[in-house]
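Worksheet: one structure, shown below.
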Amino acid sequence: DAWAGSARDAAERLAAGIAPPPALPPTAEEALPHLADREHALVDEARGRLVDDVMAVLPERFPQLREYAGRQREYTVEDLHRVVEYLVAALYVDDPGLFEDFTAWTGRIMTARNLPVDALSAVLEAMADAFRELPRAAAYIAAARGSLDRELRSPSP
């Protein structure tokens with residue numbers, strides 16, 4: 001690639017030789033080798049099913065959910081989708097801290113709003129069961145559970 005403002009400049013540039021083309025950018029597999037395990041894609045593809053599966057078992061782990069109806073239940077489903085979206089993003093960029101920080105932040109928000117943080121713990125527990133066959137996802141969820149537990153045990157400022 002080159003540019004010249006006149007024919008004379010173009011002739012001088014050509015006479016000086018043409019530079020080799022720049023190296024091709026790395027393929028996605030080269031730039032993001034962690035994507036080779038396809039965990040990000042598998043979790044993303046299973047998102048809807050995962051939300052349904054977690055909502056099906058959540059009342060066993062968090063009995064208060066049985067009393068939820070209408071908007072409260074819809075908010076719970078929306079929040080669950082958000083949790084899964086953060087897991088997908090963390091897997092894509094290979095950053096467990098992204099999911100841990102989100103989970104701890106969510107726990108703080110729930111505490112500040114007097115919402116039951118046990119619900120979030122139950123969600124993470126159900127997700128851990130669903131993804132125990134996916135090592136990175138399972139590790140990210142385990143780390144997030146630990147982060148949430150530490151957050152809940154630390155004294156409020």
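Within the stretch 42-67, residues that are open to solvent by 50 Å² or more (accessible area, probe 1.4 Å) sit with their Cβ atoms under 9 Å from residues that are among the polar types (S, T, N, Q) and in a helix (DSSP H, G or I), at 6+ positions apart or across chains, in these pairs: ARG61/SER121. Taken together, ASP53, ASP94 contain a single residue that is in contact with a helix residue (DSSP H, G or I) (Cβ under 8 Å, 6 or more places away or on another chain), of a type outside the set (Val, Ile, Thr) and at positive phi, which is ASP94. Annotation: of all residues in the stretch 4-34 being among the hydrophobic types (A, V, I, L, M, F, W, C) and part of a loop (DSSP other than H, G, I, E, B), the one that is farthest from PRO96 (Cα to Cα) is ALA4.
Residues that are without any contact (Cβ under 8 Å) to a residue 40 or more places away in the chain and either closer than 18 Å to VAL84 by Cα or of a type outside the set (Gly, Ala, Ser) (or both) within the stretch 29-41 comprise GLU29, GLU30, PRO33, ARG38, ALA41, listed in sequence order. Selection of the stretch 114-150 for residues being over 19 Å from ASP79 (Cα atoms) and either basic (Lys, Arg) or crowded, with 19+ Cβ neighbours inside 10 Å (or both) yields ARG132, LEU134, ARG136, ARG150.
The values are calculated or read from the model by the stated rules, or taken from the named source; none is laboratory data. Please read all numbers here as calculations on a predicted model, not as lab measurements. Note that we place each Cβ from the backbone using ideal geometry, even for glycine, and neighbour counts take in every protein chain shown. In case anyone asks, the SASA skips ligands and DNA or RNA and just uses the protein heavy atoms, side chains included. Shrake-Rupley method; radii C 1.70, N 1.55, O 1.52, S 1.80 Å.
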